[in-house]
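Okay, so here's the structure we're looking at.
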Amino acid sequence: MSPMKKKSFVSVADLSKEDILRLMKSAESFEKNPNRKILDGKICATLFFEPSTRTRLSFETAINRLGGKVIGFSDAATTSSSKGETLKDTIKMVSNYADLIIMRHYLEGAARYASEVTDVPVINAGDGANQHPSQTMLDLYSVYKTQGKLNNLAITMAGDLKYGRTVHSLIVGMSHFKPAFNFIAPEELRLPDIYKQFMEEKGLHYREYTDFSEDVINQSDILYMTRVQRERFTDLMEYEKVKNIYILKNNMLRNSKENLRILHPLPRVNEIAYDVDDNFKAYYFEQARNGVFARQAVICDVLGTN
Ligand code: CP
C-alpha cells in the first residue's frame with residue numbers, strides 16, 4: 001500500500017464545488033459541537049510573518065477546542081528569520097516539531113512554496129495580495145448561513161479589489177455557484193485582469209463601478225466591504241489619495257433588500273461607519289465568529305481526521 005498523500009490547503013482554486021460543500025457541512029457540524037478531542041496528541045504550528053488578530057486567534061481557538069496543542073510565533077522579528085534564515089529552512093525546522101503548519105506570509109506564493117518543501121500539511125493563512133483561502137471558507141459559510149443557499153446571489157464587493165486577497169479568493173470560491181458580481185473600486189484599486197479573465201472563462205456575469213451608489217447596494221444580497229490595504233502600497237501618497245474613498249453609512253441601507261447582509265473580513269478602518277453596526281444587516285462580527293468553525297473544518301479535512 002502506498003503511503004497516504006499529504007494534503008495542504010493553499011488556494012481555493014484547488015477545491016471542487018463538492019469539496020466546498022463538504023467543508024460547509026463540516027463547519028455546520030462544528031458550530032453545533034465545537035469541543036471534540038479529535039486533535040488529541042497533535043501539535044499545530046502557527047507561523048505568522050504578518051500581523052493578524054482573527055486568523056491566528058480563530059485557528060488557535062479551533063485547535064484548542066479540538067484538543068490539539070499550538071506552537072508558533074506572531075512576530076517573525078523574534079525568530080531566526082531575522083538573522084537571515086530562509087523560509088525553506090524555517091519550514092523544514094518546524095516540520096521536525098509539528099503535525100500541521102498554518103502560515104501567513106507577505107510574499108505571494110509563499111504557502112505553495114512551503115507546501116512543496118515539507119511533508120507536513122500546510123494551510124495558507126494569507127500570502128501577500130494573492131489568496132486567503134480559509135477566510136473564503138468562513139465567508140462562504142457566512143453567506144450560506146445568512147442566505148440559506150450559495151447559488152444565484154448578487155454579490156457586491158467594494159474597496160480595495162486590487163490588493164484584497166480575501167476578494168480574490170472569494171471570487172474563485174463563489175464561481176461554482178452562479179453569482180452575479182458587482183465590483184466597486186477606484187481606478188487605482190480595480191480588480192486585477194486575471195480575475196476578470198477567470199470569470200469570463202467561467203461565463204460569470206460581472207459589472208464594474210467607480211461610484212459607491214445606493215442603486216448597486218439595493219440590488220445586492222451580499223455587500224462585501226474591504227479595507228484599503230495600506231501595507232501593500234509602495235507609495236504612501238497613493239494610499240492617502242484612496243484610503244477613505246468609500247464609507248458605508250447606515251442611511252445608505254434604507255432601501256436595501258431585507259436579506260442583504262454586510263460582510264467584511266476585518267479589520268475595518270473607516271470604510272464602515274459605526275452607525276451601521278446596530279443595523280441587523282451588519283454581519284461582520286458574526287462572520288469572524290464563524291471563522292472558528294470553518295477553520296475546524298479545514299484543519300480536520302487537511303489532517304484527514306473527520
Ligand atoms: N480577516 C483577517 O485576515 O483578519 P486578520 O488580519 O486579523 O487575521
Examine the range 42-54 for a residue that is away from the ligand (no atom under 16 Å from the Cβ) and not hydrophobic (A, V, I, L, M, F, W, C), and state whether such a residue exists.
yes
Among (1) assigned to a helix (DSSP H, G or I); (2) surrounded by fewer than 15 Cβ atoms within 10 Å (Cβ to Cβ); (3) among the acidic types (Asp, Glu), GLU258 falls short only on (1)
Pairs where the first residue, in the range 4-20, is touching a residue at least 60 places away in the same chain (Cβ under 8 Å) and loosely packed, with under 13 Cβ neighbours inside 10 Å and the second is part of a helix (DSSP H, G or I) and not aliphatic (A, V, I, L, M), C-beta under 6 Å, 6+ apart
LYS17/HIS176
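Identify all residues within the range 215-242 that are of a type in the set (Ser, Thr, Tyr) and modelled with pLDDT under 95; write none if there are none.
Within the range 215-242, THR234, TYR239 qualify.
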Extreme residue, farthest from GLU187 (Cα to Cα), among residues of the range 197-255 that are among the small types (Gly, Ala, Ser) and surrounded by 11 or more Cβ atoms within 10 Å (Cβ to Cβ)
SER220
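The values are calculated or read from the model by the stated rules, or taken from the named source; none is laboratory data. Note that the structure is a prediction, hence the values are computed from the model and not measured. FYI the Cβ positions are ideal-geometry reconstructions off the backbone, even for glycines, and counts take in every protein chain you see.
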